[in-house]
Every structure is written in structure tokens, then in C-alpha cells.
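The values are calculated or read from the model by the stated rules, or taken from the named source; none is laboratory data. Predicted model only: the values in this text are computed from it and were never measured. Here the Cβ positions follow ideal geometry from the backbone for every residue, glycine too, while neighbour counts run over all protein chains shown. We work out accessible area using only protein heavy atoms, side chains counted, and drop any ligands, DNA or RNA first. Shrake-Rupley method; radii C 1.70, N 1.55, O 1.52, S 1.80 Å.
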Amino acid sequence: MGGQPLYLEPRLESRLRSLLHSTQLLHTLTDALGSPLNVVVPDQLADNIRQFRSVYGTRHLSGQIYFAHKANRSSALLRRLAATDAGVDVASLEELQHALGAGLTPDRITATGPKNPEFLWLAARTSVAVSLDTRGELEQLATLVRKHALPRSRVLLRLSGFEASGVRVLSRRSRFGTPVSELEPLLEAVERHADVVDLVGVAYHLDTTSLTEKATALEGCLRVLEECRSRGLRPRAVDIGGGFGVNYLAHGGQWDRYTTELTEAVLGTRPPLTYGGHGYGLRNEAGTLRGTLGLYPAHRPVAGARYLDELLAHPAASLGGRPLAALLLEHLYDLHTEPGRALLDQCGLTLTKVLEVRETEAGGPLLVRLAAKADDVALEEHGVFMDPVVVPRDPAGAGAGTRAGVGAGADAGTEPVAVHLFGSLCLESDLITRRTVFLPRRPEPGDLLAFANTAGYCMDFHATRAQHQPSARKVAAWQEGDTWRWCLDDQYWPTTPVGGAL
Amino acid sequence: MRYDSITEAIGNTPLVRIDPAVHGLRHIDLYAKLELLNPFGSVKDRAAWNMARPHLSGAAEEGGQVVELSSGNTAKALAVLAGMHGLTLKSVTNRMRIPEIKDLLLLLGAEIEELPGQSECLDPTATDDPLTLFHRTLSEPDSTYLHTDQYFNPRNTEAHFTGTGPEIVKDLDGRAPDWFIACVGTAGSSTGVARALREHDPAVRVAGLVAAKSDFIPGIRTIDEAHEVGLFDPATYDTIESVSADEAIEGMLTLNRRCGILAGPTGGAAYFGAVRQLRVADQELADEEPAERQSAVFIVCDRVESYLSYVRQRRPDLFGRPRRKNSPADLSDAEIRTAPAIGVADAQAWIATGEPLVVDLRSPYAYAALHIDGSVNIVDELFEELLHGGLPFSRNRPVLLACPVGEKSARYAALLTRMGHPDVRSLTGGVIAWRDAGAPLVRD
Ligand SMILES: Cc1ncc(COP(=O)(O)O)c(C=O)c1O
């Protein structure tokens, strides 16, 4: 197999770990509902919200946590959310309808993203706050409100192109938000439409893992809010979007070792680690490594609520060096956040059935064909490297090997294997992942491979119905005492967990 | 020593023996090559000068700009050299994590462009990462950039092959050391010196040091990053070991405090890595009869002063100051809980009749934006400073303290009470409660 197996064990907190130990339930579910199957765990969402809340709490900040709906289509998750004090960030007409139908009242919804007239109308009609991307969108909204005699609309201005003082930060161009350099005409428009729009604050959403870029943007927002106040406007909120990240792996050491070996495989100093020598963005040019590794930093010690906390602790250089949290508080601003991925951390998994395990003549990695398409498990699409967990058909045969990567070791005869995971489309490109995956033992047809922690973007974000193959169905699961219960995703309501009795 | 130009002061740095009482090696003499004594402060002065020298006057005529991907020392040297020739430097980097160096570069007139962080939502098909775009602009036909290209330019290595290496041999009375230990950044210094030493004695053992993968040591690469360096050839090194940030700082402190060598973290990493490596060799020598004496050289790349915030972040214990009098940290929870306080409505009445001095403890920016009419602004940090010296206002003047939520003000109300002020109160719920109660806030 070429040296030690290179495991990338997923990080499993107690709920997902317990669910993965419920081998029989998982097989019952896939037998009944087919493979692939998505399972969401709504109660975890509430726990994650509490973690974000506690960051607000220790820093005395008020403001709303808006779950970014786009990260998962689940009704169960949204309805569970409705039973907390958090809100939702919707990016389409359908998401808005979904949110209203799940019981989220308009004061707990914010509309972001590109908007068509219907979306804008329903948002204004129901008094949902609207995050405006451009001046054009503001004009469009003002016209709608006047023409249809709608209530005065609460708006935020989504901004981009923040400049750090001293150094220029190069950035990928953002299609979203108005550049701060074009603030003047935007504010003039707000003033002109003061009878129909009420400016409640400013917003940004930066697609970056960098804390300093976000700190620069937040600092920029504080300056813009001051500019608004000096014009006599009364904004009171900053919405800093999402992008707080998830730590997918249990062990930093495995990640470090894996990426080093991947580098060496690209340089040809160790056997390949991918199907067809794919380099995930890296190439070998005369012995020197070129390109950039296009992978999600799967082991991230600072992610989610901790990331938010570090951002808030960041000193604002141009505002006297006080931490951003202190400045927000002292200026009496509310802080809004829109975590998507981070709120769905540990909230679900994707189950796939093993259809075939084939040996190659050359004695290379085994070919494992799964009853799923690559777009059903979009880890690869998002550059997330994480091993699936083998859930054996016959638990007695190999122990409930749910400790990812290492197996339970109950069965002494089992050996680690290297595999390539294929999907069920008749396309060469339908590889669940192009990397060689190491499993603690050889899977058998009928076993399940469970991809953990897929609820954020990796579950149904990319799913299609190509070749008339069904995309994954979805169930919600929760615990009553020691027992896991489940229902179809759209049957779940926050009343369900108490056995249907109100 | 009289020079016509500061560039003549580059090189010829001292080789200083480390006291055996410090490193504890019995059979190996350990020497530090003090590159920190170069005129712009680091080992990079040599490479920068050697790479830029042939092109500077030409670039000046064309009105071009020097560009480099550098996180610090090379940029620093290039900024000075460019300035001396009427040029400017643009440094493009994603690794400039040391605020002092960033500020120094700006002060020297450099332009800094930072690369953005990684995308949260990856687009696997994206081809135009900012670094690729940067290289594309450099290779445009009418480009007037002077790109020194330190990671690929053989003149970087050459500066050490012809300078640093031979100097070491000369100072060791014409002999190459048995060991040479250096950190790997651009690989220029380690490769150039190793080549020069091996010409004298092919048996020289060369150890390369890289940063541990999960750590950051300014100027040093991790093993993966080293593979991105054109000058890096693993065959140059007999061993490649990694050093953690903590170990680098430990080594740095030893050099700073016990050897009088004001090295930065990379010098510290080199010292730490050298001693770790040599301890094994020292033991083997001790087992020989009779014990042979060996020598070893490591490079001290630059100075400690630029890294204070880096060290403070990792070792706040090194900066502990003695406790001072009248500090809010001395208060007990009970004292804070029972601190005199007043609610918004009562405070409004008190302000109207009792004329307390209203002190707003928030930052000047927040205060300027909105505050209670008639209040004065003393930001909490400053207020704490003032109190170390005693009560800052008369006992006869009542005082109302306000902060965002009434937490900080409660501490200071307790402290002032303890210091003997008879009538100080904290605004319960702070300025936020004041606002929420609809009480007036002004900006004047
Ligand atoms: C406006 C907005 N808010 C929030 C998010 C969610 O970001 P994340 O899932 O990274 O937290 C996104 C994602 O694209 C977004 O565009």
C-alpha cells in the first residue's frame, strides 16, 4: 500500500459519534429510504447557536445571529432554528417563503444576495430587513414600496472594497456589495428615499479565511456608520456576514502529515496519493513546487464561534487600537452575524451504500463503487478532505467500527486498505474524491460509508438529478434518552421530539 | 574603517564563539555568524545587494520599480537600496505578520501589497489567484519592474558562496567547520555557504532547519513551503529538522540574555536547532578515545527588536510588569457588586440637581459620536493610569461614571470609593441603558 496509511479522521462530537454508533438504525434507514441518504441533527444547530451567543454574551454585545439558509435546504433545521432566538439570512424568494413558513417572524429574517422583484416585494411586504447590494437595488426597492404602498422598509447597505491603512490588501474581486469608494452617492440616495427606507445599518460578507481582512472591513464599517451619523442618519447595526469556518478533522497531526506527503507525491518523491496523479492545484516544475493547494484548511483550530471571538478581539488600528468588540459596544452598535457552515458544524451526515469492491490487477488501491453521485457528497467540490466512516452491514463481523480511520479493532484479522471511491454515474469524472482514501479495513458490499459533517454545503448544495438518478432523501434525527428517533425531514417540527404530543 | 557608501559595510560580519558554559557541549566549539550586524540589519543585505546591484542604475533610468515577494528582511534591504538609487520598492507578500516590520517598510518608503486570505468557499476551477496575476504583470512586455526574484535568483546563493562562506573559513584559520547549521527561508544563505564550505572540506555536515508545520517563525519556511523555493535542493542538507516557535524563542532568549547577542527568532531557531543536533554528536565524541575537537557554525540572521509583538503574543509572561497601586484588578467581586450605582431615571434627576461630574469611559471615537450632554471623556485606559497616582478629582465633587453596559464603571466606582471618594456612582446599564430608556444623547 506504500507505507503507513494516511488517515484523515473526521472530528466527531458526541451527537454525531452516538448516531454513527447506531449501526442498525443507519442500515434500517438506508434500506427503507435508499442510498444516498442525508441525516440532519436539528438539536445540534441549537447548541451551535448557544456557542455563538456566548461569544456575544461575554462581550456584552447585542444583535442577531442569522443562520445562512443557503448552506442547507432542510426544513427540520429551519424549524428547529425557529424554536431558538436566532434568525435566518435568506438569499432567494423560495428561501424567504420557507423561512416564513417555518415560523420565523419577519423581525428575525434578513434578505441578502442578488434579488429579483418578487423576492424584493415579499421582503418589503412582510417587513423583512433587506441587505442592499447596489444603489440600483435601493432605487428598485424604493419604487416598489411607493408603488404598492408598502410599509417603510428597513435596509442595510452591503459594502465591499475596504482599504486598510498603510498597506494595500489585494483581494479577489467581490461581485457583492457597493465599494466604499462609491458610498457618497449611495448615502445621498438613502437620504432622498428617507420616506420609504429606514437605514438600520451596514453589512459586508467577505469570502476569506483571513481574520485581518475581516477586521479591516469591520473597522471600515465603523467609519461608515460614523459618516452616516454625522449626516443625521441613525443606523445601529453592523452585519458581518458569515465565513467563520469549520474544523473538520480530529487531529492536526494527521492533516500536517497528509499535506506534506501530498506535496511529496506531486514532486514524485513518494508514490501518488491521488487518482491519475491529480495535484489539487499543485504541479511539479523541474523539482520545484508551483501552483496553490486548492484545499479547504480541514484542520482549523480557530473556527466557528472561536473565530468570531478572535475577530472581535482584533485591535482596530485606525480607531485607537481598542478591540473591535469594545468599539462596537461603546458605539452602541448591534452586531449581526450570518454563519452558515459554522452553525451546521456536526449537524448532519451523508450515508452511502457500498455496491462493489473491486481489486485492480496492478495491486493498487481497491475500487469501491458507492450508491451515490459525486454531487451528493460535495466534500470534494469544497476541497474538504475527510475520511468516510465504515458502518458495517454485519456489526458482529467487524465491531461497530465507527471510530473513523482506526476502527474498533475488535476484529483482529482486518487490515487497513487504500481505496478509490467512485460514484454511480457512468462518467469518468464521477469520483466521490480523486484522492486515495485509507480505510481501517476493507469495506464489503452492503456496508455503509458515512461521510460525517456534511450538513454545511456538502449535503444538498450541488445535488442534481442527472441520469434520472434520485438525489439523496433527507431525514431528521434526534435523541430521546439513549434512543435515536427519526422522521422525514419535512415531517419534523420542534414539537416532534416530544413524541408528537403537544 | 572609512567607507564611501553604506553598501561597503555589507558583509565581513564577526564570527563569535558561544561560551561553552551556555551550550554545554564539551567537545565542540560553537560559533555564531553575526549577520545581524549587517548595515540594514540582516543576512538578507548581502543577497539584496548582490541581486540588485547590476540593475539598479538601469532601472533608475527607466523609471522602474523594484519588486519582490518578501515578508521582511529582503524587503527592508531592498527598500534602502532602492531609495539610495531614487527608486521605490513594492513588496508583495502574504506572510507579513510582523507589524513592526510592516511599519518600518512603510517608513522606508516601500509600498506593500498583501495577498488576500484563502477563500472560504473554494472554486476549484479558479485560475487567477493573486500571485499568478502578479507574475503575469511582471512578464508583460513593457514592464519596467526590476524583479529581484529571491526564491529563484542564483545571485542570492552566490552572495553567500563568495561572501559568507569564505568569511567563515577565513575566521576559522582556513578550515571549514565540521558542522554548519542554518534556517531555510529562500535557501540562499544555507546553500551558498554549504557549497563554499564543502569546497574546502567535502565532509562538512550541513543541517537545514525549517519551521514546524503548524507554527509560524518569521523568515523560515515549513518543509512544504521549502519545496516552493527554486533555490532549495534537499540534497544540500545532510538533515532537515523542524523547530517550533516556542523553541525558537527559547533559543533567542538564551542568545539575548546569556550571550549578549541580540538575535531575533530565526537566530534563536538556528541556535536551538544547532545545540539539539550537536548534543548527539558531542556524546559520540565523548565516547571516542582520545576525544576529537570539532567546530560548528550557525547563522544569526537578524535582530530581536522587530519581533517584540510576535514574542509578546506567544510569551506574555516575558513582559509581566510589577503590579501597581490602585488597580481595578485588586478589587474583590463583592466590592464590585456593592459599588454605588444609580439607574437611568435617577441619574437624569441627579444630573439636573446635584451637578455631578459625568465621566464617560468609552473611547474618544465612541464619545464623539454620541454622549450624555455635559459629560467629559476619559477613556478607561487613561483613567486607570490616572488612578495609580491618586484621586483625580476633588472629594467635594460628586461623580457619575458611565461606560457601555455599566460593568467597567462599576469597577471604577468601587475603586474610587475604596480610595476615599464619598460620592461616586456608576450608571447602571451604562450608555446602552441610557439610550434604550430614550434619554437624550448628543454629539457636539
Ligand atoms: C451574504 C452571506 N452571508 C452568509 C454566508 C454564509 O457563509 P458561511 O457559510 O461561510 O458562514 C454567505 C455565503 O456565501 C453569504 O453570501
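Against the condition more than 14 Å from chain B (Cβ to nearest Cβ) and either under 18 Å from the mean Cα position of the chain (by Cα) or in a loop (DSSP other than H, G, I, E, B) (or both), how does residue A:336 come out, does it pass? Considered against the rule, which asks whether it is more than 14 Å from chain B (Cβ to nearest Cβ) and either under 18 Å from the mean Cα position of the chain (by Cα) or in a loop (DSSP other than H, G, I, E, B) (or both), residue A:336 comes out as yes. Going through (1) closer than 27 Å to residue A:453 by Cβ; (2) touching a strand residue (DSSP E or B) at 6+ places or on another chain (Cβ under 7 Å); (3) within 9 Å of chain B (Cβ to nearest Cβ) one by one, residue A:225 falls short only on (1).
Yes/no matrix, rows are residues, columns are (1) open to solvent by 40 Å² or more (accessible area, probe 1.4 Å); (2) in contact with a Pro (Cβ under 9 Å, 6 or more places away or on another chain):
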| position | (1), (2) |
| --- | --- |
| B:358 | no, no |
| B:362 | no, yes |
| B:382 | yes, no |
| B:394 | yes, no |
| B:400 | no, yes |
| B:411 | yes, yes |
| B:417 | yes, yes |
| B:429 | no, no |
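Determine whether the range A:195-212 contains at least one residue that is open to solvent by 40 Å² or more (accessible area, probe 1.4 Å), over 23 Å from residue A:66 (Cα atoms) and either away from the ligand (no atom under 16 Å from the Cβ) or at pLDDT below 95 (or both). Scanning the range A:195-212, I find at least one residue that is open to solvent by 40 Å² or more (accessible area, probe 1.4 Å), over 23 Å from residue A:66 (Cα atoms) and either away from the ligand (no atom under 16 Å from the Cβ) or at pLDDT below 95 (or both), so the answer is yes. Listed by first and then second residue, the pairs linking a residue in the range B:199-217 that is of a type in the set (Ser, Thr, Tyr) to a residue that is open to solvent by 60 Å² or more (accessible area, probe 1.4 Å), with Cβ atoms under 9 Å apart and 6 or more places separating them unless they lie on different chains, are B:214/A:301.
Considering only residues in the range A:162-191 that are within 16 Å of the ligand (Cβ to nearest atom) and at pLDDT 80 or above, the one that is surrounded by the fewest Cβ atoms within 10 Å (Cβ to Cβ) turns out to be A:178. When the range A:348-388 is filtered for residues that are within 20 Å of the chain's Cα centre (by Cα) and either among the polar types (S, T, N, Q) or closer than 16 Å to residue A:27 by Cβ (or both), the ones remaining, listed by number, are A:349, A:350, A:351, A:388. Applying the criterion of at least 1 residues that are within 16 Å of the ligand (Cβ to nearest atom) to the strands (runs of 3 or more DSSP E) found wholly in the range A:225-301 leaves A:237-239. Mind checking whether some residue in the range A:355-375 is touching a residue at least 40 places away in the same chain (Cβ under 8 Å) and of a type in the set (Ser, Thr, Tyr)? No, there is no match, as no residue in the range A:355-375 is touching a residue at least 40 places away in the same chain (Cβ under 8 Å) and of a type in the set (Ser, Thr, Tyr). For the range B:69-86, indicate whether the set of residues that are open to solvent by less than 10 Å² (accessible area, probe 1.4 Å) and charged (D, E, K, R) is non-empty. Scanning the range B:69-86 turns up no residue that is open to solvent by less than 10 Å² (accessible area, probe 1.4 Å) and charged (D, E, K, R).
For (1) surrounded by 18 or more Cβ atoms within 10 Å (Cβ to Cβ); (2) modelled with pLDDT of 90 or more; (3) under 17 Å from the mean Cα position of the chain (by Cα), each residue gets a yes or a no:
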position: B:100; (1), (2), (3): no, no, yes
position: B:139; (1), (2), (3): no, no, no
position: B:143; (1), (2), (3): no, no, no
position: B:146; (1), (2), (3): yes, yes, no
position: B:150; (1), (2), (3): yes, yes, no
position: B:153; (1), (2), (3): yes, yes, no
position: B:156; (1), (2), (3): yes, yes, no
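Looking across A:208, A:212, one residue alone is within 11 Å of another protein chain (Cβ to nearest Cβ) and in contact with a His (Cβ under 8 Å, 6 or more places away or on another chain). It is A:212.
The set of residues in the range A:284-323 that are acidic (Asp, Glu) and free of Cβ contacts under 8 Å to residues at least 12 places away in the same chain contains only A:285. A single entry from B:392, B:422 fulfils the requirement of being within 42 Å of the chain's Cα centre (by Cα) and either outside any helix (DSSP H, G or I) or away from chain A (no Cβ under 14 Å) (or both): B:392. Restricted to helices (runs of 4 or more DSSP H) entirely inside the range B:46-165, those with at least 2 residues that are of a type outside the set (Lys, Arg) and more than 14 Å from chain A (Cβ to nearest Cβ) are B:56-62, B:73-84, B:154-159. Kindly evaluate residue B:202 against the criterion of being closer than 30 Å to residue B:65 by Cα, away from chain A (no Cβ under 13 Å) and open to solvent by 40 Å² or more (accessible area, probe 1.4 Å). So residue B:202 does not fit the description; no.
If you go through the range B:216-255 and pick out every residue that is within 14 Å of chain A (Cβ to nearest Cβ) and among the hydroxyl-bearing types (Ser, Thr, Tyr), you end up with 4. Among the residues making up the range A:250-279, those that are among the charged types (D, E, K, R) and in contact with a Gly (Cβ under 9 Å, 6 or more places away or on another chain) are A:261, A:270. Taken together, B:362, B:293 contain a single residue that is in contact with a helix residue (DSSP H, G or I) (Cβ under 7 Å, 6 or more places away or on another chain) and at negative phi, which is B:362.
Do we find that residue B:391 is over 22 Å from residue A:324 (Cβ atoms) and touching a helix residue (DSSP H, G or I) at 6+ places or on another chain (Cβ under 9 Å) in this structure? Yes, satisfied. For the range A:444-458, a tally of residues being more than 16 Å from the ligand (Cβ to nearest atom) and either more than 29 Å from the chain's Cα centre (by Cα) or within 14 Å of chain B (Cβ to nearest Cβ) (or both) returns 3. Set side by side, the residues A:252, A:242, A:281, A:276 differ, and just one is touching a residue at least 12 places away in the same chain (Cβ under 8 Å) and surrounded by 23 or more Cβ atoms within 10 Å (Cβ to Cβ), which is A:242.
Of the residues making up the range A:298-332, those that are surrounded by fewer than 18 Cβ atoms within 10 Å (Cβ to Cβ) and facing chain B (nearest Cβ under 9 Å) are A:301, A:317, A:320. Looking only at the range A:313-341, which residues are aliphatic (A, V, I, L, M) and within 16 Å of the ligand (Cβ to nearest atom)? Result: A:335, single match. Scanning the range B:37-78 for residues that are closer than 22 Å to residue B:113 by Cβ and polar (S, T, N, Q) gives B:42, B:65, B:70, B:71, B:73, B:74.
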